[in-house]
Amino acid sequence: MATLYLFRFDLSSIGRSDNRGCYLRRFRGQGQLEPSWALRRRNVVAVKSVKAFYGGAYGLNDNKTGLICTADELHYVSVPNSDWKLALWRYVPSLRAPSRNHPLLLLSGVGSNALGYDLSPESSFARYMSNQGYDTWILELRGLGLSTTEQIESETLEKQPLVNGSVYENSVGSSVSLGQTSNIATQLRQWNKNLISIIDGAQQLGPFQPFVQGVTSALEEFQEQLDVYEKYDWDFDNYLEEDVPAAMEYIRNQSKPNDGKLLAIGHSMGGILLYAMISRCSFKKVNPQLASVVTLASSLDYRPSNSSLRLLLPLKDPTQNLNVPVFPIGPLLVIAHPLASRPPYILAWLKDQISVEDMLHPTLLEKLVLNGFGSVPAKVLLQLSSVFEEGGLHDRNGTFQYKNHLRQGNIPILALAGDRDLICPPEAVYETVKEIPRQLVSYKVLGKPGGPHYAHYDIVGSRLASSEVYPLVADFLNRHDMV
């Protein structure tokens, strides 16, 4: 597993009054992160982190898969009543762009880290928006990307060489001892070892041997994370009620918009979170503090569509009955990728779930699949599966249908769908759109009968997104960036 370099600060020696967040800055043109305020070297800590599993190497100086954080600044904000610290990637507005009134928050899909919004210089939704003048932030929810916990941070080194060869002293102190492994983790570890042994013994697979080796590697890394997975005990409502509000408050404190509001873009589950927030705030008659919202391939009700997610519904009851703690989206994609992208293309249909042919360069598609996803608690997926039930997505208690209160909202919304999106088809997107007051919502299906076409991820980072999608979104946000 590649060493992951994160820079931490001993805030007690800095004397900042607000110790709920800290951040780091990448000076443009340099391949390393530096403190965003003047610090002595002894205040910087190099951390060798147990990363949330991506399924592939994801190191800071790894030329094959790109930098761990390509933003200008990396911030951390604590979640109340939790030991999680959420990662916020910040893209500073271009000095050549017009001044904007509101910061912009980007929310990713289920199991996705920040990479999807910043896949490459040519496919970077985040960088495009910062170049339009927006103070742009990508939130990595708990358990994903660079978000971390005290347990993960306890994996520190007294001294650790950095990218440029220098060494920073560790002033944080001794590591926190890890808790004992639970019965669930013990059982998963034994099952994983048995499976690895079986696969290692399969010498007769011939041409599939490289795939088998990839499976073994993925399972071994999954096994390394089992102690961390014990802490994966949250659902969609935790994201909605704790993670997103904490991030929004932190961004407001950093960007200081005059009216206290943010602009927001959500892809897939990110858009579902924004819909749910508007609905919940409307019901409670509370201001959601959003100036306008853009949703990309998102819906609260999938019932009218033939979404490919229906294929997962038969797993719902076994998952509940067996008390499965996590669903390893990242590891499963890593395992499946060779069979989807190489002869004999047994799982070729999986590629179409992400991107239409010729819309995403194979190298970028591989980068996204191998590095863009992590594991999520089964509780999250079980709650999200209610999008196929009567009334659409509901809260953890099943008593609040989020779709029912969108009509009471007053937030301008742009809802975009992809014409070849198999995960969230246009029929599903429209099922939510029609619940929003007409004067507040704009709806568009991307793609043309003769092409190009847009699948689930193509809206965010395909080769045409920067010319067909980003300007459309920027124009909508510009019109609503008023105070």
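The values are calculated or read from the model by the stated rules, or taken from the named source; none is laboratory data. Because the structure is a prediction, the values reported are computed rather than measured. Neighbour counts are summed over all protein chains in view; Cβ atoms, including those assigned to glycine, are modelled from backbone coordinates with ideal geometry. What goes into the accessible areas is simple: the full protein's heavy atoms, side chains included, and nothing from ligands, DNA or RNA. Shrake-Rupley method; radii C 1.70, N 1.55, O 1.52, S 1.80 Å.
Observations, loosely collected:
- The residue that is surrounded by the fewest Cβ atoms within 10 Å (Cβ to Cβ), among those in the range 287-310 that are under 25 Å from residue 411 (Cα atoms) and of a type in the set (S, T, N, Q), is 287.
A quick yes/no check of all residues on (1) open to solvent by less than 10 Å² (accessible area, probe 1.4 Å); (2) aliphatic (A, V, I, L, M); (3) out of contact with any Lys or Arg (no Cβ under 8 Å at 6 or more places or on another chain):
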{"residue": "76", "(1), (2), (3)": "yes, no, no"}
{"residue": "85", "(1), (2), (3)": "no, no, yes"}
{"residue": "110", "(1), (2), (3)": "no, yes, yes"}
{"residue": "121", "(1), (2), (3)": "no, no, no"}
{"residue": "139", "(1), (2), (3)": "yes, yes, yes"}
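- Residues satisfying the stated conditions in the range 428-458, i.e. over 20 Å from residue 349 (Cβ atoms) and part of a helix (DSSP H, G or I): 429, 430, 431, 432, 433, 438, 439, 440
- Any hit, the range 65-74, residues being modelled with pLDDT under 50 and open to solvent by less than 30 Å² (accessible area, probe 1.4 Å): yes
- The residue that is least open to solvent (accessible area, probe 1.4 Å), among those in the range 400-431 that are over 23 Å from residue 478 (Cα atoms) and polar (S, T, N, Q), is 401.
- Breaking point among (1) free of Cβ contacts under 8 Å to residues at least 60 places away in the same chain; (2) more than 21 Å from the chain's Cα centre (by Cα), for residue 351: (2)
- Residue match in the range 296-305 (condition: touching a His at 6+ places or on another chain (Cβ under 7 Å) and farther than 26 Å from residue 463 by Cβ): no
- The range 457-483 residues that are touching a residue at least 12 places away in the same chain (Cβ under 8 Å), paired with ones that are in a helix (DSSP H, G or I) and open to solvent by 60 Å² or more (accessible area, probe 1.4 Å) (beta carbon under 9 Å, 6 or more apart): 462/468
- Qualifying residue in the range 373-392 (condition: open to solvent by 40 Å² or more (accessible area, probe 1.4 Å), assigned to a helix (DSSP H, G or I), touching an Asp or Glu at 6+ places or on another chain (Cβ under 6 Å) and over 22 Å from residue 466 (Cβ atoms)): yes
- Helices (runs of 4 or more DSSP H) enclosed by the range 247-354 - at least 2 residues per element that are among the aromatic types (Phe, Trp, Tyr), on the phi < 0 side of the Ramachandran plot and at pLDDT 95 or above: 269-284
- For the range 87-108, a tally of residues being open to solvent by less than 10 Å² (accessible area, probe 1.4 Å) and among the hydroxyl-bearing types (Ser, Thr, Tyr) returns 1.
- Residues in the range 385-400 that are over 20 Å from residue 423 (Cα atoms) and in contact (Cβ under 8 Å) with a residue 60 or more places away in the chain: 395, 396, 400.
- Residue pairs whose Cβ atoms lie under 7 Å apart, sitting 6 or more positions apart in sequence or on different chains, and linking a residue in the range 325-336 that is under 15 Å from residue 351 (Cα atoms) to a partner that is at pLDDT 85 or above and not in a loop (DSSP other than H, G, I, E, B), are 329/373; 329/376; 330/373; 333/369; 333/373; 334/370.
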